1. Could you tell me which residue of region 13-36 is nearest to Asn65 (Cα to Cα), considering only residues that are surrounded by fewer than 17 Cβ atoms within 10 Å (Cβ to Cβ) and in contact with a Leu (Cβ under 8 Å, 6 or more places away or on another chain)?
2. Sort out which residues of region 155-174 are in a loop (DSSP other than H, G, I, E, B) and surrounded by 10 or more Cβ atoms within 10 Å (Cβ to Cβ), and write them in order of number.
3. Can you tell me how many residues within region 23-51 are outside any loop (DSSP other than H, G, I, E, B) and among the small types (Gly, Ala, Ser)?
4. Report, ordered by the first and then the second residue, all pairs with beta carbons closer than 6 Å, sequence separation of six or more or different chains, a first member in region 153-173 that is touching a residue at least 60 places away in the same chain (Cβ under 8 Å) and more than 23 Å from Arg118 (Cα to Cα), and a second member that is open to solvent by less than 80 Å² (accessible area, probe 1.4 Å) and among the acidic types (Asp, Glu).
5. Within region 88-115, which residues are aliphatic (A, V, I, L, M), buried (at least 16 other Cβ atoms within 10 Å of the Cβ) and out of contact with any helix residue (DSSP H, G or I) (no Cβ under 6 Å at 6 or more places or on another chain)?
6. If we keep just the residues of region 128-151 that are out of contact with any strand residue (DSSP E or B) (no Cβ under 9 Å at 6 or more places or on another chain) and either under 23 Å from Glu62 (Cα atoms) or among the aliphatic types (A, V, I, L, M) (or both), which is modelled with the highest pLDDT?
7. Counting just the residues of region 52-87 that are in a loop (DSSP other than H, G, I, E, B) and over 19 Å from Leu97 (Cα atoms), which one comes out least open to solvent (accessible area, probe 1.4 Å)?
Amino acid sequence: MSGEEEEMLIRLLCGVSGHIDPEYMGKPAIWLAKRAGFGVPEGTRVLVSRQKYVSAHNPYAEAMNCPVMVFYIEPDWTMACEKCMELLANGSRCHTLAIHSRDQAVIGQFAAKKPVGRILVNTPAVFGAMGATTNLFPAVHLGAASAGLGITADNVSPMNLVYLRSVALGVRRAPVETGN
């Protein structure tokens with residue numbers, strides 16, 4: 001989208017509230033563009049916005065829940081890593097983060113620094129998160145909405161709905177405190 005089209009779309013999606021109106025979530029891209037007042041080619045499935053900055057006042061830095069994709073171009077992976085942290089700190093904390101890279105050091109840095117429940121590597125996020133292209137338990141229900149704020153980062157399975165009682169046997173002696 002052009003800058004003008006991005007502004008028109010955000011005015012539609014957010015109105016005066018500054019937050020995405022649930023009425024527009026899940027609507028087709030062509031429908032959204034038309035309602036916002038601009039045209040797109042027939043067959044358009046996603047509206048794309050290129051952004052430079054992350055801020056609490058930029059609705060494009062939030063989860064859109066509609067066919068609007070936002071992307072940032074950074075000069076190298078370290079700047080991209082920092083941009084990702086800015087997005088997460090801005091309130092886009094998430095359950096799952098996907099990264100596409102062949103460099104194990106880059107993957108390791110993303111895995112070590114990102115406050116998310118899990119990281120998918122070299123797989124489409126939608127299919128990887130539901131277990132279709134990964135070894136995660138196959139499910140369409142995810143656990144907590146963000147890392148550390150729920151009971152699980154796993155896909156919710158029947159095992160999350162069953163209370164299991166455990167019996168744990170001692171396998172080593174407790175440390176003995178010596179009085180001095």
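The values are calculated or read from the model by the stated rules, or taken from the named source; none is laboratory data. No experiment lies behind these values; they were computed from the predicted model shown. Backbone-built Cβ (ideal geometry, glycine too); neighbour counts: all protein chains shown. Accessible surface areas use protein heavy atoms only, side chains included; no ligands, DNA or RNA. Shrake-Rupley method; radii C 1.70, N 1.55, O 1.52, S 1.80 Å.
1. Per the criteria, the residue is Asp21.
2. Step one: of region 155-174, the residues in a loop (DSSP other than H, G, I, E, B) are 156-157, 162-174.
Once the filter is applied, which keeps residues that are in a loop (DSSP other than H, G, I, E, B) and surrounded by 10 or more Cβ atoms within 10 Å (Cβ to Cβ), region 155-174 yields Val156, Ser157.
3. Going residue by residue through region 23-51, those that are outside any loop (DSSP other than H, G, I, E, B) are 23-24, 29-36, 47-50.
Keeping just the survivors that are among the small types (Gly, Ala, Ser) gives 29, 33, 36, 49.
The total comes to 4.
4. Pairs that qualify, where the first residue is touching a residue at least 60 places away in the same chain (Cβ under 8 Å) and more than 23 Å from Arg118 (Cα to Cα) and the partner is open to solvent by less than 80 Å² (accessible area, probe 1.4 Å) and among the acidic types (Asp, Glu): there are none.
5. Leu88, Leu97, Ile107 - these are the residues of region 88-115 that are aliphatic (A, V, I, L, M), buried (at least 16 other Cβ atoms within 10 Å of the Cβ) and out of contact with any helix residue (DSSP H, G or I) (no Cβ under 6 Å at 6 or more places or on another chain).
6. Ala132
7. My answer is Asn58.
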